[in-house]
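Asks: Structure incoming, see below.
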Amino acid sequence: MAGALWLVLAVVGGSLCPLVVCGDQSFTIDYSRDCFLKDGRCFRYVSGSIHYSRIPASYWRDRLLKMYMAGLNAVQVYVPWNFHEPQPGVFNFRGDHDLEHFLNLTMELGLLVIMRPGPYICAEWDMGGLPAWLLNKKDIRLRASDPDYLEAVDSWLSVLLPKIRPRLYNNGGNIITVQVENEYGSFAACDFGYMRHLHAVFRLFLGDDVVLFTTDGNADYFLKCGTLQDLYTTVDFGPVDNVTKAFEAMRRYQPRGPLVNSEYYTGWLDYWGEKHAVTPSDTVSRGLQAILESGASVNMYMFEGGTNFGYWNGADFSKVYKPITTSYDYDAPLTEAGDPTDKLLAIRSVISKFQPVPIGPVPPPTQKFAYGFVTLRKVGDLVDLLDFLSPSDPFVTQYPITFEDVKQYFGFMLYRTGLTGDVPDQTPLSSVANGVHDRGYVSVGGHFFGVLERDGVKDVNVTGKEGQWLDVLVENMGRINYGSDLKDFKGLIGNLTLGGELLQNWVLYPLNIDGPISQGWPHIMADHMRKTAQTESRTGPAIYSGTLTVTDIGDTYLKLPKWTKGQVWINGFNLGRYWPERGPQVTLYVPGSILSSSQVNNITVLELEKAADQLLVMFLDRPILNGTFVRN
Ligand SMILES: *[C@@H]1O[C@H](CO)[C@@H](O)[C@H](O)[C@H]1NC(C)=O
Ligand SMILES: *[C@@H]1O[C@H](CO)[C@@H](O)[C@H](O)[C@H]1NC(C)=O
Ligand SMILES: *[C@@H]1O[C@H](CO)[C@@H](O)[C@H](O)[C@H]1NC(C)=O
Ligand SMILES: *[C@@H]1O[C@H](CO)[C@@H](O)[C@H](O)[C@H]1NC(C)=O
Ligand SMILES: *[C@@H]1O[C@H](CO)[C@@H](O)[C@H](O)[C@H]1NC(C)=O
Ligand SMILES: *[C@@H]1O[C@H](CO)[C@@H](O)[C@H](O)[C@H]1NC(C)=O
């Protein structure tokens, strides 16, 4: 049956190897010699993680080449489900989403691939890669044997896994192993039925001979629920952990076979409002040396971190909600911009003690440009631009409903209600149940009063007159990607009161800001049309725009001095969130690939709180990721 399916796939999907040579390659496990067996010989991989979803496609080859030149023989790749299936049954594998193009490049560069198709991936990615539309069923049980969850998973895997099958090493491709789920032992559900279901689906689509594995933290309380018979057990741990002890834990669940650390941490992620994380290079190289001395295979997480462009960052929850920064530099051996660091050279030199590394220098950093200052102008307050940004009819509802209720999965939604009487004195607008997910920018009659913040600010005082609009622009700051709070509904998930009175009769405007901006708005508007800014006020949610002319194209970093918080686009590309007031990230990475030297470059800023008086932004030739930070 497998053979017949393979033939069908070879015809339908196009295979990477003629059927005759496929038999020449094999990748298995030798349990008697405790090693992977590649083409019949003991083999170990020295791999690095790279997330194609965090790098513009035009830079994929550059990053992979640098990883190859660093001495790696494999790369480890997560597939974020929500990046590819934005709506149920609607798939995106084009451009920056072109997984097969990325995999082709790994093959061309002679790198092996360790595939991690999820369906859950964590990865500090929105909802750990699960699509938010799963929450359309409010009581769904994620990462468990809920029939609706499994149906969505199966439908996705039936699209994804057939793309992977012809690329398996045993089928002539370069994918040596495939991970099932991700650190499932860290998840409270502990549903073996779910893991068995995934195992069966992976086998159905990938065949019986591929090495399937699991990855978990290196302690019994993780491994207990994360491992399953016939799935090879691996562990993860960082440079300060005890290698012997970590592998002893793995051995309790996987008595024979190669030792594997699937995530060896070269650095760490950053949260808004916390210190920039740094892991010294000598700590990383010493730990790596110990792992390689033990004979283990290893994957370095991350080798190239990249950027949470758009709205893709995830968040953690530990006592409070903690969103992750736009930069996913991770203090990795290759920077966010793909530049080699001293850490890379140190790692390369450790690897060279154990296996040959390619001859020749690691490619140098790409050229960076300091394009200087640009002055923006105000296009208008957001509430005056709803015709462009929310063209369809708003939703009318007595009490607030969530983003998911109106199928608005990312970005922003405006919640509006009319004042039913005068409010002459400072009166608290309150989120009674800490129900603002995640930030609410409050205005009355177009006057900005402040921000309601999840797990932070629960009251903002306002004044106003009967009949004026009370507007709360709610921002989704990224869904929780780890732990038991994965069902992270967005918007006003609880009622608001004004001076103790329950607010009712809301009008909800889901905003599609990226749509018009990717079509050239507001830059394409004729000049007389653009004079829509009705106030010159610098406070409250508003759109600003400007242009940058360049002769040489290269990467650059955007700094918004004295701006507060918002979102930036250049030429329609969403660079992500900026929040210098909170820190520690101060600059946004601007890939040269989105810039033009033949046309003016169009900058669009949505500032949510307070713009800089002079409306200046600047382009630097270096990043600042370790600025001052202000705790929540
Ligand atoms: C991947 O490579 C194969 C074989 O060269 C080619 O047929 C296919 O079109 C490539 N796919 C993409 C998406 O680049
Ligand atoms: C590491 O763990 C092993 C085994 O548990 C133990 O014998 C050894 O003392 C530990 N090493 C250090 C430096 O703590
Ligand atoms: C709101 O105004 C009241 C009355 O002026 C004041 O006591 C209170 O501290 C204010 N609250 C906030 C959050 O500013
Ligand atoms: C708001 O309050 C009303 C009346 O008590 C209640 O029926 C409704 O469920 C509440 N809505 C939310 C989102 O909490
Ligand atoms: C910027 O906007 C102008 C006006 O619509 C347009 O002519 C130009 O092509 C845009 N620039 C780029 C690089 O897309
Ligand atoms: C930030 O990083 C730069 C470059 O590594 C370093 O020179 C600077 O001292 C750091 N600043 C802080 C505040 O740590």
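Asks: Mind telling me which of the residues Gly273, Gly295 ends up being under 26 Å from Pro580 (Cα atoms) and either among the hydroxyl-bearing types (Ser, Thr, Tyr) or not in a helix (DSSP H, G or I) (or both)?
Replies: After applying the criteria, what remains is Gly273.
Here's the yes/no breakdown for (1) within 16 Å of ligand 2 (Cβ to nearest atom); (2) closer than 16 Å to Gly129 by Cα; (3) charged (D, E, K, R); (4) over 18 Å from the mean Cα position of the chain (by Cα):
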site: Leu64; (1), (2), (3), (4): no, no, no, yes
site: Gly71; (1), (2), (3), (4): no, no, no, yes
site: Pro88; (1), (2), (3), (4): no, yes, no, yes
site: Arg94; (1), (2), (3), (4): no, no, yes, no
site: Leu103; (1), (2), (3), (4): no, no, no, yes
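Asks: Let me ask another. Restricting attention to the stretch 429-453, and to residues there that are surrounded by fewer than 17 Cβ atoms within 10 Å (Cβ to Cβ) and under 18 Å from Asp381 (Cα atoms), which single residue is nearest to ligand 6 (Cβ to nearest atom)?
Replies: Restricting to residues being surrounded by fewer than 17 Cβ atoms within 10 Å (Cβ to Cβ) and under 18 Å from Asp381 (Cα atoms), the top hit is His447.
Asks: Can we say Pro584 is more than 24 Å from Pro516 (Cα to Cα) and either small (Gly, Ala, Ser) or open to solvent by 30 Å² or more (accessible area, probe 1.4 Å) (or both)?
Replies: no
Asks: Of everything in the stretch 602-621 that's within 26 Å of the chain's Cα centre (by Cα) and among the polar types (S, T, N, Q), which residue is farthest from Ser327 (Cα to Cα)?
Replies: So the residue we want is Asn602.
Asks: Another question, then. Among the residues that make up the stretch 248-266, is at least one of them of a type in the set (Phe, Trp, Tyr), more than 19 Å from Leu344 (Cα to Cα) and within 15 Å of ligand 2 (Cβ to nearest atom)?
Replies: Checking the stretch 248-266: not a single residue is of a type in the set (Phe, Trp, Tyr), more than 19 Å from Leu344 (Cα to Cα) and within 15 Å of ligand 2 (Cβ to nearest atom).
Asks: What are the residues in the stretch 311-339 that are part of a strand (DSSP E or B) and open to solvent by 30 Å² or more (accessible area, probe 1.4 Å), if any?
Replies: The answer is Phe317, Ser318, Val320, Lys322.
Asks: Could you grab the pairs with beta carbons closer than 8 Å, sequence gap of 6+ or different chains, first residue in the stretch 591-605 and open to solvent by 60 Å² or more (accessible area, probe 1.4 Å) and near ligand 5 (Cβ under 10 Å from one of its atoms), second one in a strand (DSSP E or B) and of a type outside the set (Val, Ile, Thr)?
Replies: Hits for this filter: Val600/Leu548.
Per-residue answers, yes or no, for (1) within 23 Å of Ala152 (Cα to Cα); (2) acidic (Asp, Glu):
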| position | (1), (2) |
| --- | --- |
| Leu204 | yes, no |
| Asp209 | no, yes |
| Leu212 | yes, no |
| Gly217 | no, no |
| Asp220 | no, yes |
| Leu223 | no, no |
| Gly226 | yes, no |
| Gly238 | no, no |
| Ala246 | no, no |
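Asks: Condition first: surrounded by fewer than 16 Cβ atoms within 10 Å (Cβ to Cβ) and not in a loop (DSSP other than H, G, I, E, B). Now tell me which residues in the stretch 454-490 satisfy that.
Replies: Within the stretch 454-490, Asp459, Asn461 qualify.
Asks: Which numbered condition trips up Thr417, out of (1) surrounded by 14 or more Cβ atoms within 10 Å (Cβ to Cβ); (2) more than 16 Å from ligand 4 (Cβ to nearest atom); (3) hydroxyl-bearing (Ser, Thr, Tyr)?
Replies: (2)
Asks: It is to be established whether one or more residues within the stretch 428-445 are closer than 17 Å to Leu498 by Cα, away from ligand 2 (no atom under 16 Å from the Cβ) and charged (D, E, K, R).
Replies: No, the conditions are met nowhere in the stretch 428-445.
Asks: Let me ask another. Filter the stretch 420-433 for residues that are within 14 Å of ligand 4 (Cβ to nearest atom), in a loop (DSSP other than H, G, I, E, B) and at pLDDT 95 or above and give the result.
Replies: Across the stretch 420-433, there are no qualifying residues.
Asks: Between a first residue in the stretch 36-64 that is without any contact (Cβ under 8 Å) to a residue 40 or more places away in the chain and a second residue that is part of a strand (DSSP E or B) and of a type in the set (Val, Ile, Thr), which pairs have beta carbons less than 6 Å apart while being 6 or more apart in sequence or on different chains?
Replies: Close Cβ pairs (under 6 Å, with a partner that is part of a strand (DSSP E or B) and of a type in the set (Val, Ile, Thr)) amount to Leu37/Thr28.
Asks: Which condition breaks for Asp514 when tested against (1) more than 16 Å from ligand 3 (Cβ to nearest atom); (2) acidic (Asp, Glu); (3) at pLDDT 95 or above; (4) under 30 Å from Arg141 (Cβ atoms)?
Replies: Of the numbered conditions (1) more than 16 Å from ligand 3 (Cβ to nearest atom); (2) acidic (Asp, Glu); (3) at pLDDT 95 or above; (4) under 30 Å from Arg141 (Cβ atoms), the odd one out for Asp514 is (4).
Asks: Which of the following residues is open to solvent by 50 Å² or more (accessible area, probe 1.4 Å) and within 26 Å of Ile359 (Cα to Cα): Arg63, Arg41?
Replies: Testing whether each residue is open to solvent by 50 Å² or more (accessible area, probe 1.4 Å) and within 26 Å of Ile359 (Cα to Cα) leaves just Arg41.
Asks: If we scan the stretch 564-581, do we find a residue that is within 16 Å of ligand 6 (Cβ to nearest atom), open to solvent by less than 30 Å² (accessible area, probe 1.4 Å) and at negative phi?
Replies: So far as the stretch 564-581 goes, no, none of its residues is within 16 Å of ligand 6 (Cβ to nearest atom), open to solvent by less than 30 Å² (accessible area, probe 1.4 Å) and at negative phi.
Asks: Scan (1) within 16 Å of ligand 5 (Cβ to nearest atom); (2) in a strand (DSSP E or B) for the single condition Gly576 breaks and write down its number.
Replies: Just one mismatch for Gly576, condition (1).
Asks: Based on this model, can you work out whether Asn632 counts as away from ligand 4 (no atom under 16 Å from the Cβ), surrounded by fewer than 21 Cβ atoms within 10 Å (Cβ to Cβ) and either closer than 27 Å to Ile55 by Cβ or among the hydroxyl-bearing types (Ser, Thr, Tyr) (or both)?
Replies: So Asn632 fails the test.
The values are calculated or read from the model by the stated rules, or taken from the named source; none is laboratory data. Keep in mind that this is a model prediction, so the values were computed, not measured. For neighbour counting, all protein chains shown are included, and Cβ atoms are generated from backbone atoms with ideal geometry for every residue, glycine included. Quick note on the areas: whole protein, heavy atoms, side chains included, nothing else; ligands and nucleic acids left out. Shrake-Rupley method; radii C 1.70, N 1.55, O 1.52, S 1.80 Å.
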